[in-house]
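**Q** Below you'll find the structure I mean.
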Amino acid sequence: MDRRSFVQAGALSMAARWPLSRWAMAPADQRPLPSAAQVAWQRDELAMFLHFGVNTFTDREWGDGTESPSIFDPTRLDAREWARTAKAAGFRTMILTAKHHDGFCLWPTATTRHSVASSPWRGGSGDVVREFVDACSAEGLRTGLYLSPWDRNHPTYGDSPAYNDVYATQLTELLTRYGKIVEVWFDGANGEGPNGRRQVYDWPRVFGLVRRLQPDAVIFSDAGPDVRWCGNERGVAGEPNWSTVDPKVVVYPGQSGSGIESALQHGNEEGSVWRPAEVDVSIRPGWFHHPAQDVKVRSVDNLVELYFTSVGRNAKLLLNVPPTRDGVIHAVDASRLSGFRSRRDEMFGAPLAVRRVEFRPRGNDSAHIEWELRLPARPRIARLAEDITRGQRVASYRLEGSSGSRWQELSSGSTIGHAKLDRLADGPPLRRVRVVIEKSVDRPEPVSLQLFEAR
Ligand code: FUL
């Protein structure tokens, strides 16, 4: 049977009641809303991270800056293949490490000789960033760049004003030579320079430069300002996960202290700034490709689980898939990505029911809405969503089903945001389903619900 035929047109009975005092925290017009760039960022849902550089050739995770550029020589680098793989798996943006902590630049920069220009690759006239952005645009993917502030090679590192100039020049090269960049990724890891001195970064200058050169790009870091790190590299967003934060808790990238991890994981329901969470995690144990880890690539099941704990918790998944020494995506990674895509298609391709749930105030209790399914059905997964262009409001909800007169809980949760994926409790086929909004920080806006039968 065509699953779509389950979709019920009528038979909608509605009762919605809530205590206004419970969400009278801030008037609706004062709650933060996302920018157009933040909405586009979140709607992508999936981005691919590519860690590539001298570490790929030394088999290390963190280079110390003494690597010779002569080791960088991928024999069949094919950025178009990276982009095709990403696109086929349903990814919409790719982010490349233009420079990692070792300081080796994947583009021919004027700021240092420690770059592809000093390598044997393409006779020293290659530019990985150029090939990467061209491949993204050929495949219709959006482009992001990672530029490590920590630089273990540059002689000025630790001489703060001098290195800040170098860093600003590198950023300017990247943001002016390569067309539209949609996300600029600033890593929190930093330490001493080659001379043992510590660098003091000029973050206002860095962020200001991105705003000026690529006004439509989102800036990622622990401290945003547009997108925040989720607080771990395990692939797990918080629950609850508010897209709003208190900007005073994490002020600069790499800040440490108590309460920071929790603030990054959960955001803040009363936060004054819109700064949604990005979940960066690798398909392998390491960020860079290591041949010994070819047997440790995440399984399809594991990738699906990551999808539930990131996209399914109002975050974006930035999955790292590191190219090999040859400069291509390893066959094992490619096959897991294609399995990941097939599983998502099976799960979410044909919803059993789709509803846009409008809540209207009536009295003093929680808001709920219920409807009948045309045929008895066993939904296994629910996808709830708020329209984030109107902000984020739901703080607590329950999903219930009934096969006769008694209602049973199918799932419950805290925040919803762009997407909330729930695996539902098993039981007899259901005739009716209802969503109960127990708590909301403002008048609830419509919530959409999709039910799926596949596990
Ligand atoms: C970390 C870095 O130290 C890792 O090497 C990697 O780039 C990861 C995404 O961020 O802080």
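The values are calculated or read from the model by the stated rules, or taken from the named source; none is laboratory data. Since the structure is predicted, the reported quantities are computational estimates derived from the model, not experimental observations. Methodologically, a virtual Cβ is constructed for each residue, glycine included, from the backbone with ideal geometry; neighbour enumeration extends over all protein chains shown. Calculation scope for accessible area: heavy atoms of the full protein, side chains included, ligands and nucleic acids excluded. Shrake-Rupley method; radii C 1.70, N 1.55, O 1.52, S 1.80 Å.
**Q** Residues that are within 16 Å of the ligand (Cβ to nearest atom), in contact with a Ser or Thr (Cβ under 9 Å, 6 or more places away or on another chain) and among the aromatic types (Phe, Trp, Tyr): does region 47-58 have at least one?
**A** The answer is yes; a qualifying residue exists.
**Q** For residues that are away from the ligand (no atom under 16 Å from the Cβ), surrounded by 18 or more Cβ atoms within 10 Å (Cβ to Cβ) and more than 29 Å from residue 392 (Cα to Cα), tally how many sit in region 257-297.
**A** 1
**Q** Take region 63-106 and flag every residue that is more than 16 Å from the ligand (Cβ to nearest atom) and open to solvent by less than 10 Å² (accessible area, probe 1.4 Å). Explain how you work it out, then say what you get.
**A** Keep residues of region 63-106 that are more than 16 Å from the ligand (Cβ to nearest atom), which gives 66, 68-92.
Listed by number, the residues that qualify are 72, 74, 79, 82, 83, 86, 89, 91.
**Q** As an exercise: evaluate residue 273 against (1) over 15 Å from residue 188 (Cβ atoms); (2) touching a helix residue (DSSP H, G or I) at 6+ places or on another chain (Cβ under 8 Å); (3) of a type in the set (A, V, I, L, M) and give the number of the one condition it does not meet.
**A** Single failed check for residue 273: (2).
**Q** Here's a follow-up. List the strands (runs of 3 or more DSSP E) inside region 250-364, counting only whole elements, that have at least 2 residues being of a type in the set (D, E, K, R). Write out each step before concluding.
**A** Values: elements: 277-282, 316-320, 353-357.
Per the criteria, 277-282, 353-357.
**Q** Next question. Looking at (1) assigned to a loop (DSSP other than H, G, I, E, B); (2) within 16 Å of the ligand (Cβ to nearest atom); (3) over 15 Å from residue 194 (Cα atoms), which is the only condition residue 152 fails?
**A** Of (1) assigned to a loop (DSSP other than H, G, I, E, B); (2) within 16 Å of the ligand (Cβ to nearest atom); (3) over 15 Å from residue 194 (Cα atoms), only one is false for residue 152: (3).
**Q** Tally time: how many residues in region 400-455 are open to solvent by less than 30 Å² (accessible area, probe 1.4 Å) and not in a loop (DSSP other than H, G, I, E, B)?
**A** Within region 400-455, the subset open to solvent by less than 30 Å² (accessible area, probe 1.4 Å) is 400-402, 410-411, 413-422, 424, 427, 430, 433, 435-437, 440-442, 444, 446-447, 449, 451-452.
Okay, now just the ones that are also not in a loop (DSSP other than H, G, I, E, B), so 400-402, 410-411, 413, 420-422, 430, 433, 435-437, 440, 447, 449, 451-452.
Adding up the residues that qualify gives 19.
**Q** With the checklist (1) surrounded by 22 or more Cβ atoms within 10 Å (Cβ to Cβ); (2) within 16 Å of the ligand (Cβ to nearest atom) in hand, flag the one item residue 303 doesn't pass.
**A** With (1) surrounded by 22 or more Cβ atoms within 10 Å (Cβ to Cβ); (2) within 16 Å of the ligand (Cβ to nearest atom) applied to residue 303, the lone miss is (2).
**Q** Quick one: in region 306-339, which of the residues that are away from the ligand (no atom under 16 Å from the Cβ) and under 25 Å from residue 386 (Cα atoms) is surrounded by the fewest Cβ atoms within 10 Å (Cβ to Cβ)? Walk me through how you get there before you give the answer.
**A** The initial filter retains those residues of region 306-339 that are away from the ligand (no atom under 16 Å from the Cβ), namely 307-309, 311-314, 324-339.
Narrowing further to those that are under 25 Å from residue 386 (Cα atoms): 307-309, 311-314.
On the way: 307: 24, 308: 17, 309: 20, 311: 23, 312: 23, 313: 27, 314: 30.
The selected residue is 308.
**Q** Within region 132-149, can you find the residues that are within 15 Å of the ligand (Cβ to nearest atom) and either open to solvent by 50 Å² or more (accessible area, probe 1.4 Å) or among the aromatic types (Phe, Trp, Tyr) (or both)?
**A** Matches in region 132-149: 146 only.
**Q** Go through region 180-212 and report how many residues are under 24 Å from residue 317 (Cα atoms), out of contact with any Pro (no Cβ under 8 Å at 6 or more places or on another chain) and not basic (Lys, Arg).
**A** So the answer is 7.
**Q** If we keep just the residues of region 229-239 that are at negative phi and either open to solvent by 40 Å² or more (accessible area, probe 1.4 Å) or under 12 Å from the mean Cα position of the chain (by Cα) (or both), which is nearest to the ligand (Cβ to nearest atom)?
**A** Residues of region 229-239 at negative phi: 229-230, 232-234, 236-239.
Still in the list and also either open to solvent by 40 Å² or more (accessible area, probe 1.4 Å) or under 12 Å from the mean Cα position of the chain (by Cα) (or both): 229-230, 233-234, 236-237, 239.
Values: 229: 9, 230: 12, 233: 7, 234: 12, 236: 15, 237: 16, 239: 22 Å.
Per the criteria, the residue is 233.
**Q** Might you check whether a residue that is more than 16 Å from the ligand (Cβ to nearest atom), of a type in the set (D, E, K, R) and under 21 Å from residue 253 (Cα atoms) occurs anywhere in region 107-123? Full working, then the answer.
**A** As a first pass, look at region 107-123 and keep what is more than 16 Å from the ligand (Cβ to nearest atom): 107-123.
This time we only want the ones that are of a type in the set (D, E, K, R), so: 113, 122.
The next check asks that each one be under 21 Å from residue 253 (Cα atoms); those that pass are none.
No, region 107-123 contains no residue that is more than 16 Å from the ligand (Cβ to nearest atom), of a type in the set (D, E, K, R) and under 21 Å from residue 253 (Cα atoms).
**Q** Look through region 162-180, keep the residues that are outside any helix (DSSP H, G or I) and in contact (Cβ under 8 Å) with a residue 40 or more places away in the chain, and return whichever of them is farthest from residue 105 (Cα to Cα).
**A** Step one: of region 162-180, the residues outside any helix (DSSP H, G or I) are 178-180.
Next cut, in contact (Cβ under 8 Å) with a residue 40 or more places away in the chain only: 178-179.
Details: 178: 15, 179: 18 Å.
Top of the filtered list is 179.
**Q** Residues being in a strand (DSSP E or B) and crowded, with 19+ Cβ neighbours inside 10 Å: count how many of those fall in region 386-399. Break it down into steps so the answer makes sense when it comes.
**A** Filtering region 386-399 for residues in a strand (DSSP E or B) gives 386, 394-399.
Add one more test, that the residue is crowded, with 19+ Cβ neighbours inside 10 Å, and what stays is 386, 394-395, 397, 399.
Residues flagged as in a strand (DSSP E or B) and crowded, with 19+ Cβ neighbours inside 10 Å within region 386-399 amount to 5.
**Q** Separate question: One residue is enough: does region 160-175 have a residue meeting the conditions surrounded by 21 or more Cβ atoms within 10 Å (Cβ to Cβ) and within 16 Å of the ligand (Cβ to nearest atom)?
**A** No, there is no match, as no residue in region 160-175 is surrounded by 21 or more Cβ atoms within 10 Å (Cβ to Cβ) and within 16 Å of the ligand (Cβ to nearest atom).
**Q** Which residues, taken from region 181-208, are assigned to a loop (DSSP other than H, G, I, E, B), closer than 28 Å to residue 141 by Cα and either away from the ligand (no atom under 16 Å from the Cβ) or open to solvent by 10 Å² or more (accessible area, probe 1.4 Å) (or both)?
**A** Those that are assigned to a loop (DSSP other than H, G, I, E, B), closer than 28 Å to residue 141 by Cα and either away from the ligand (no atom under 16 Å from the Cβ) or open to solvent by 10 Å² or more (accessible area, probe 1.4 Å) (or both): 181, 182, 187, 188, 189.
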